[in-house]
Amino acid sequence: MYEIIKSVIEEERYNLEDILKKIDTIWIQGDITEEQKTELVLLAQEKANPENSYQPLQNQINTLFNNMGEIAKQVGINTLEIQAIKDKLAEGGTIVPEPEPEPGEEYPEYVPPTGAHDAYNIGDKVTYKGEKYICKMDGCVWDPETYPQGWELVEE
């Protein structure tokens, strides 16, 4: 088994990750010794061809960066923007933009509570009769007109 794996490695037509798994498997099965395993692993790493193997993340980033640089020249994108993308990828970030938050009403229209379960609390924002208010008390079931002490008018 040792000779077969060694000949595959010598031909340099293998995926490094795959061959290392195979070496581990045949070692676990007892088909090669610890010394043979070490020799095959070192040989496989030395002879690995990046075109046949999964490249380390940094190599992938560098290749992408170079390709993006060429595209950037063609379409006129700033090289600094490309560098910022490369840096973000190197730090483990993503270049997929984060989704925009759903637009929501910052001051939704006042809805009269039907009980304590949907009463307004400190910091709740509402629009009442065209004016914006922030609630100043917990458990407020009154509108700003009926109980102005429970609400603060927001000056714009």
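The values are calculated or read from the model by the stated rules, or taken from the named source; none is laboratory data. Predicted model only: the values in this text are computed from it and were never measured. We work out accessible area using only protein heavy atoms, side chains counted, and drop any ligands, DNA or RNA first. Shrake-Rupley method; radii C 1.70, N 1.55, O 1.52, S 1.80 Å.
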With all protein chains modelled, accessible area of MET137 [1.4 Å, Å²]: 50
Amide H partners (placed H, <5 Å) of LYS132, local residues excluded: VAL154
TYR14 long-range amide H proximity, modeled H, under 5 Å: ASN49
Karplus-derived HN-Hα couplings along segment 147-155 (A = 6.51, B = -1.76, C = 1.60, θ = phi - 60°), whole Hz, x at Gly and Pro: 9, x, 5, x, 9, 10, 6, 8, 7
ILE85, ILE5, ranked by accessible area, largest first (probe 1.4 Å): ILE85, ILE5
Karplus-derived HN-Hα couplings along segment 8-18 (A = 6.51, B = -1.76, C = 1.60, θ = phi - 60°), whole Hz, x at Gly and Pro: 5, 5, 4, 6, 6, 10, 8, 8, 4, 4, 5
Estimated vicinal HN-Hα couplings, Hz - segment 115-124 in sequence order (Karplus 6.51, -1.76, 1.60; Gly, Pro = x): x, 5, 5, 10, 5, 7, 10, 3, x, 5
Sequence-distant residues sharing a close amide H with TRP151 (under 5 Å, placed H): LYS136
Residue-level accessible surface for LYS22, protein heavy atoms, 1.4 Å, Å²: 110
